[in-house]
2 protein chains.
Amino acid sequence: MIRVLIADDEDMIRTALAALLRLEPDIDVIAECRDGAEAVEVATRLTPDVCLFDVEMPGMDGVDAAAVLRRTVATRIVAVTRHARPGVLRRALAAGVHGFMPKSRRAQDVAEVIRQVAGGRRYIDPEVAADALADERSPLTDRELDVLRAGAGGETIAQIASTLHLSPGTVRNHVSSILGKLHLRTRQQAAIEARERGWI
Amino acid sequence: MIRVLIADDEDMIRTALAALLRLEPDIDVIAECRDGAEAVEVATRLTPDVCLFDVEMPGMDGVDAAAVLRRTVATRIVAVTRHARPGVLRRALAAGVHGFMPKSRRAQDVAEVIRQVAGGRRYIDPEVAADALADERSPLTDRELDVLRAGAGGETIAQIASTLHLSPGTVRNHVSSILGKLHLRTRQQAAIEARERGWI
DNA sequence: CTACGGCCATGACAGATGTCATGGCCTCGC
DNA sequence: GCGAGGCCATGACATCTGTCATGGCCGTAG
């Protein structure tokens, strides 16, 4: 019997998956969690065979939770996400997940992936893997991504400078460099672009 | 037997809900669709008793599809959404939906809502209804919302002016008025705010 | 060592953006 | 009719933003 913990902040999808998995004869859903922190706490206590983590969760997200669990609990982790961008996959793999599948897959496939991962194998959705291999890395430097992140909410240059402890001029230089590399006109477009590509 | 059509662009949630509903003895899932246009086409052909529409779908969304079907096919419509903002509920009700529930509800509740709606009753999630009644309307005029929409992608004032066939000065005036009403500093923050409140 | 590139900063400049005052046009409610 | 308010526009102004040139500091690859 494969003992599974499910973490997803959206009740409808989490309860639906849990109900479906409970129909499988060899799978037992032993816990449902709403965010990464709760998942880490419960997984530490119950040591499930497989953790099924949604990547997008408030507070500590699924990848963060995977990174923590990886070093403390002998459990295998499947990351599921709505935004299956190459950047997300790379981040998940760096955190040590054993399975990765987008929510564009059918619910019926989840049980099979869980079995694979529980059996010691890895599973990466082939579509996403191909995208990740074809896709070039972000042309932006780490610091430029910091600037983009700090300004993603429509913040002012002055606010970005203050949160990053930089001079406004430096921030403007980073922004200018970003826009040049991305062939865009405004910070906001750059932030949208970066978000869509999974860079931030 | 209640004949149901499900439309949701995310395969995992759609197939999961379909599988669960098929377990119900009195519900028959007769079709699954990926977007609003497909849903309208199929519903017109099959005339299901109840349509379960996700609001967020590419192209024609669930509310648009409901508005079209409402006038052409004798079917009842349940709207489901991740973003259960008052604005979304109002828009859905204006389109003539019979049921409205957020995805923060459990999957098990969906069957019950479908039964209610199939039985001629209406169903509005009480939490969302309470929010909608408590929430005041947008303080922005229609034209100001147009400006916000046109600039939501980080567009330039000049681009907004061009898409709305206005002078740049007029656009700036609208923006200034918006920022004043919302106590914000930049267009982008206003766009984010408006999106979160379901105004655009 | 040297060259290169990332990172930080400054200063000057052009152009974009937001504020304000003002005025015309139109519709709606009184 | 008259006032209020939405809508459009202009012009002037202050500020913000993005560009560019320049230079210093640091770590790494050659």
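Some points to look at:
- Residue count, the stretch B:150-169 (criterion: away from every other protein chain (no Cβ under 14 Å) and either under 20 Å from B:PRO86 (Cα atoms) or within 9 Å of DNA strand C (Cβ to nearest atom) (or both)): 3
- Verdict on A:GLU112 being in contact (Cβ under 8 Å) with a residue 40 or more places away in the chain and either within 14 Å of chain B (Cβ to nearest Cβ) or under 14 Å from the mean Cα position of the chain (by Cα) (or both): no
- Of the helices (runs of 4 or more DSSP H) that lie entirely inside the stretch B:112-166, those containing 3 or more residues that are farther than 20 Å from B:ALA92 by Cβ span B:142-150, B:157-164.
- Test: residue in the stretch B:125-147 that is within 14 Å of chain A (Cβ to nearest Cβ) and of a type in the set (D, E, K, R): yes
- Within the stretch B:156-170, the set of residues being open to solvent by 50 Å² or more (accessible area, probe 1.4 Å) and either more than 10 Å from DNA strand D (Cβ to nearest atom) or within 22 Å of A:ARG187 (Cβ to Cβ) (or both) comprises B:ALA158, B:GLN159, B:SER162, B:THR163, B:PRO168.
- Residue check, A:GLY119 within 15 Å of DNA strand D (Cβ to nearest atom) and either more than 14 Å from chain B (Cβ to nearest Cβ) or touching a Gly at 6+ places or on another chain (Cβ under 9 Å) (or both): no
- Unmet criterion (only one of (1) touching a residue at least 40 places away in the same chain (Cβ under 8 Å); (2) within 29 Å of B:LEU23 (Cβ to Cβ); (3) within 14 Å of chain B (Cβ to nearest Cβ); (4) not basic (Lys, Arg)) for A:THR81: (1)
- Taking first residues from the stretch A:189-200 that are touching a residue at least 40 places away in the same chain (Cβ under 8 Å) and partners that are of a type in the set (Ser, Thr, Tyr) and open to solvent by less than 50 Å² (accessible area, probe 1.4 Å), the Cβ contacts under 8 Å between residues at least 6 apart in sequence or on separate chains come to A:ALA194/A:SER138; A:ARG197/A:SER138; A:TRP199/A:SER138.
- Where A:ARG197 falls short, out of the listed (1) farther than 21 Å from A:GLY87 by Cα; (2) more than 8 Å from DNA strand C (Cβ to nearest atom): (1)
- B:HIS83 vs. criteria open to solvent by 50 Å² or more (accessible area, probe 1.4 Å) and assigned by TED's automatic domain parsing to the domain that holds B:ALA118: yes
- Residue check, A:ARG105 open to solvent by 60 Å² or more (accessible area, probe 1.4 Å) and either more than 18 Å from the chain's Cα centre (by Cα) or more than 16 Å from DNA strand C (Cβ to nearest atom) (or both): no
- Considered as a group, the residues in the stretch B:88-102 that are outside any loop (DSSP other than H, G, I, E, B) and open to solvent by less than 20 Å² (accessible area, probe 1.4 Å) include one that is farthest from B:ILE2 (Cα to Cα), and that residue is B:LEU89.
- Residue check, A:GLY198 at positive phi and either within 14 Å of chain B (Cβ to nearest Cβ) or buried (at least 19 other Cβ atoms within 10 Å of the Cβ) (or both): yes
- The residues on offer are A:GLU10, A:GLU24, A:GLU56, A:GLU41, and the sole one that is open to solvent by 50 Å² or more (accessible area, probe 1.4 Å), within 14 Å of chain B (Cβ to nearest Cβ) and at pLDDT 95 or above is A:GLU24.
- Matching residues, the stretch A:171-192, being open to solvent by 50 Å² or more (accessible area, probe 1.4 Å), part of a helix (DSSP H, G or I) and either more than 7 Å from DNA strand D (Cβ to nearest atom) or in contact with a helix residue (DSSP H, G or I) (Cβ under 9 Å, 6 or more places away or on another chain) (or both): A:ARG172, A:LYS181, A:ILE192
- Given (1) among the β-branched types (Val, Ile, Thr); (2) within 11 Å of DNA strand D (Cβ to nearest atom); (3) surrounded by 19 or more Cβ atoms within 10 Å (Cβ to Cβ), index of the condition B:THR141 fails: (3)
- A:ILE178 fulfils the conditions (1) in contact with a Lys or Arg (Cβ under 6 Å, 6 or more places away or on another chain); (2) modelled with pLDDT of 90 or more except for a single criterion, (1).
The values are calculated or read from the model by the stated rules, or taken from the named source; none is laboratory data. Quantities reported herein were computed from a predicted structural model and do not represent experimental measurements. Note: ideal-geometry Cβ built from the backbone for every residue, glycine included; neighbour counts use all protein chains shown. We work out accessible area using only protein heavy atoms, side chains counted, and drop any ligands, DNA or RNA first. Shrake-Rupley method; radii C 1.70, N 1.55, O 1.52, S 1.80 Å.
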